[in-house]
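All remarks here apply to the structure that follows.
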Amino acid sequence: MADDLPKPRYGDFALYGRLWRQAKPYWGHLGLVFLLSLIAAPLALLMPLPLKLVVDNVLGNKPLPAMLEGVIPASIAASPESLLMASVITIVVVALLIQVHELITWVYKTWVGERLVLGFRARLFDHLQRLSLGFHAKGRTADSTYRLQFDAPSIQSVSIYGVIPTLTAFIKVVALVYVTARIDLTIALIAIAGGPVLLGLTQLYRGPLRRRWSAAQRAQSAAMSVVQESLGAVRVVKAFGQEERENERYRQEAERGAIAAVKAVRAHGVFDLLVGVATGIGAAVILYVGARHVQDGVITLGELLLVMAYLSQLFTPLREMGTRLADMQKGLASAERVFGVLDAERAIEDRPDAQPLERAAGGFTFDGVTFGYDEDHPVFENVNLEIPAGSRVGIAGRTGSGKSTLLSLLPRFYDPQQGTLRLDGIDVRDIRLGDLRRQFGIMPQEAVLFSTTIRENIAYGRPGATEEEIIAAAKNAAAHDFIAALPDGYDTKLGERGVGLSGGERQRVSLARAFLQDAPVLLLDEPTSALDTDTETAVMDAVERLMQGRTAFIIAHRLSTLEGCDIRLQIEDRGVERRDDVADMVLE
């Protein structure tokens, strides 16, 4: 079963332990699920008993077993007809109890499992949001989505449908072996001999199954990435008529996932086949020995039927133990992918002694700042700047020179490798991260809106804002009139990324959000560059109002933007220089 797939990063027991700790809030519920599962064992032991009574005590003339003499009334035991009816009623009652027990267990297991998955997903989603932009820049959004949606349920599949059934099956096996041994010790020993065989097969297939399921999940995640990329750029795809090309890309990735899944299922199928053969051989040997024992008078025919009924139940949990252990490899492969993300360190964290900040004045100092996404290839080096509070700073440079990178350092989306960046004389790393980022109002070149109401989009930075405050912000952004004209006004629900509004309308909603946030520092990537002249005028008037009394950093795409700035910065050759003459500056 050896193959060339990469070995897992985590061992099985390490993953079991981490999943168990993750499930801590639900330990009590998991214990109750385990107890409910255990009840199935005595119910299963009761089911074949009436058959033995009918064969030995109704159709035959054998005396009642000693353990039943005090349970069955003498009047019923003395009458074959009464004993037959009692046996029939017992079968119906036990069957009803089994079904009621299965219903209760199923519903409760589902509730506990869904709560476990919800908690695991919430932790993963929170961690994904707090990871650095560098992590998301290197990874694929679709892969993170796949891990969140399809890998996180591993905590349910492993705990509720893996570990608990395996432990329950083991206890059931012990109980059945004990009861069988009370009837015929030789048959019980033969049944026990099958256990090591099943465990050996499980150990042999465990590693290969885990690696194959992991490969299938990676391929399926890659296929999801193609879907996300293609649908996210559907206008470009249609414009160039590349639907067939994208379809072929998807088919290739999806086919890799399908092939990997088939290989995993094939290996699992071979395992099940071997387990089935092993248990079949065991049942045949036991039937032969049991028949001989009936012929020799060691046990009765009814006891043989009872033993065979118990052994059919014995082999079922034995097979289930092996199958569950194999099935859990898929869940463990998913859990490994989730913990791979959870183990990714948050590059930007609060220092232990970080201080709060209510509202900054907005003055910045760059003291020997050097930064690069790759430390061996800095974007800029040894930047020394003084930006007084309330300044309007224009930033120019060729595409890829580092304009957006420079702005990303201000709210600590990244930290410099060398030097210090200060806000109002305080190292930004000494300010609580949440407080620091609340000092910034960010407006990208293309407005980012969410698929919720216009009201909630405007209040995104201040969820508790009043109706009056939201409307005032919209008026300042020249957005109130077109919002009020919509059928549902501020309760109009937008499509994904603001679908339903024009580009200018989206920008004005984004501006209203910035007005409501009332941050002392603005980071603007010239939000009017993609608008028509009339819309640009309206948006720029609102931007001018927004910048009053605030420190504003503006990535300039036009000379007119630079002309209206107090400080002009040119980024080139890994350096940031102040320029007095706009004519000397190079735009992208």
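The values are calculated or read from the model by the stated rules, or taken from the named source; none is laboratory data. Just so we're clear, the structure is a prediction, and the values are computed from it rather than from any experiment. Reconstructed Cβ throughout: ideal geometry from the backbone, glycine too, with neighbour counts over all protein chains shown.
The table for this structure:
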read-out	value
From the options I192, I155, I187, residue that is modelled with pLDDT of 80 or more and out of contact with any Lys or Arg (no Cβ under 7 Å at 6 or more places or on another chain)	I155
Some residue of the stretch 501-508 being touching a residue at least 24 places away in the same chain (Cβ under 8 Å), within 26 Å of L407 (Cβ to Cβ), out of contact with any helix residue (DSSP H, G or I) (no Cβ under 7 Å at 6 or more places or on another chain) and basic (K, R)	no
In the stretch 267-288, residue nearest to L46 (Cα to Cα) [restricted to those that are touching a helix residue (DSSP H, G or I) at 6+ places or on another chain (Cβ under 9 Å) and exposed (fewer than 15 other Cβ atoms within 10 Å of the Cβ)]	G280
Residue within the stretch 434-446 that is among the charged types (D, E, K, R), touching a helix residue (DSSP H, G or I) at 6+ places or on another chain (Cβ under 9 Å) and more than 18 Å from A556 (Cα to Cα) present	yes
Breaking point among (1) free of Cβ contacts under 8 Å to residues at least 24 places away in the same chain; (2) more than 23 Å from the chain's Cα centre (by Cα), for H268	(1)
Considering residues of the stretch 540-559 that are part of a loop (DSSP other than H, G, I, E, B) and charged (D, E, K, R) only, the residue farthest from S408 (Cα to Cα)	R558
Which listed residue, of G331, G372, G397, G340, is small (G, A, S), in contact (Cβ under 8 Å) with a residue 40 or more places away in the chain and at positive phi	G397
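Let's see how each residue does on (1) assigned by TED's automatic domain parsing to the domain that holds R337; (2) surrounded by fewer than 19 Cβ atoms within 10 Å (Cβ to Cβ); (3) of a type outside the set (S, T, N, Q):
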residue	(1), (2), (3)
L209	yes, no, yes
W213	yes, no, yes
S221	yes, no, no
K238	yes, yes, yes
E244	yes, yes, yes
R249	yes, yes, yes
